[in-house]
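One structure below.
The values are calculated or read from the model by the stated rules, or taken from the named source; none is laboratory data. In this text, all values refer to a predicted model and were calculated from it rather than measured experimentally. Glycine gets a Cβ as well: all are built from the backbone with ideal geometry, and neighbour counts include every protein chain shown. To get the accessible areas, we keep the full protein, side chains included, count just its heavy atoms, and leave off ligands, DNA and RNA. Shrake-Rupley method; radii C 1.70, N 1.55, O 1.52, S 1.80 Å.
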Amino acid sequence: FLMALGLRGHLAALNTSDLTDYLSQGTITTTVGVFLGMAANKRGSCDPGVSKMLCLHVPSLLPPSFIPMDLASTVQAAAVAGIGLLYQKSSHRLMTEFLLNEIGRQPTKDQNTNDRESFALVCGLSLGLINLQKGKSTVNGLEDLKIEERLHRYISGVGADKFQNTPPPFPNGSQTEGDRNARIHESDMLNRDITAPGSILALGLMYIKSKNVSVASILKLPDTHFLLDYIRPDLLA
């Protein structure tokens, strides 16, 4: 409901004190609605006030000295989705790099391991919205991020040796003993079940209506029954 109000532009009447009252209630559904509604109301504007509100609820965007907050995974996912709406079509470098790293980030103690798939999916969706329909023009100024190549790797798992110098998936540069997840151990392997869905959405939104042959070849459906056995049905959809 709040997102619908935001899309209609009605949430522009809310001031900072009103937003604080809604967020201080502690209700997850209200918080999610406020995030999506305000982001939809300011979509494409890169509004700094709304950006601060959203970034404060994404642990990966907080400095190391910041006091850790116990945030529900649903709230974190809504904040990331709001970032995608707020920075829509802006090709914002910081957010593009952040979301690109988050898709392939390994599980840490600050993440709810039960919702890793949904968080990676919403990161891919937001990455696609930020670079919506930009196509090759997205690469201007972002060549060093190797966006298309890394998304291709997240989808297919090939080309891992090309990204040895890319930013590490952990804020402090390496996974320390305190960062390790006690429930999941993936070593340095890439879990395509986590990274592929969001990467497919991101790549598709970036090159939507572009008729780009190289990107279409990455997203091409298997043409044999043998290859179909190695792809999850939801990825084909």
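Annotations
- Answer residue from the stretch 52-72, given it is over 15 Å from Val122 (Cβ atoms) and either of a type in the set (A, V, I, L, M) or touching a strand residue (DSSP E or B) at 6+ places or on another chain (Cβ under 7 Å) (or both) and is surrounded by the fewest Cβ atoms within 10 Å (Cβ to Cβ) among those: Ile67
- Pairing residues of the stretch 30-59 that are closer than 10 Å to Leu86 by Cβ with residues that are of a type in the set (Val, Ile, Thr) and crowded, with 18+ Cβ neighbours inside 10 Å, at Cβ distances under 7 Å and at least 6 apart in sequence or on separate chains, gives Met38/Val50; Ala39/Val50; Lys42/Val50; Leu54/Ile83.
- Scanning the stretch 76-88 finds one or more residues that are open to solvent by less than 30 Å² (accessible area, probe 1.4 Å), modelled with pLDDT of 85 or more and in a loop (DSSP other than H, G, I, E, B).
- Test: residue in the stretch 105-117 that is modelled with pLDDT of 85 or more and charged (D, E, K, R): yes
- Taking (1) surrounded by 14 or more Cβ atoms within 10 Å (Cβ to Cβ); (2) in a loop (DSSP other than H, G, I, E, B); (3) modelled with pLDDT under 85 in turn, Leu23 satisfies each apart from (2).
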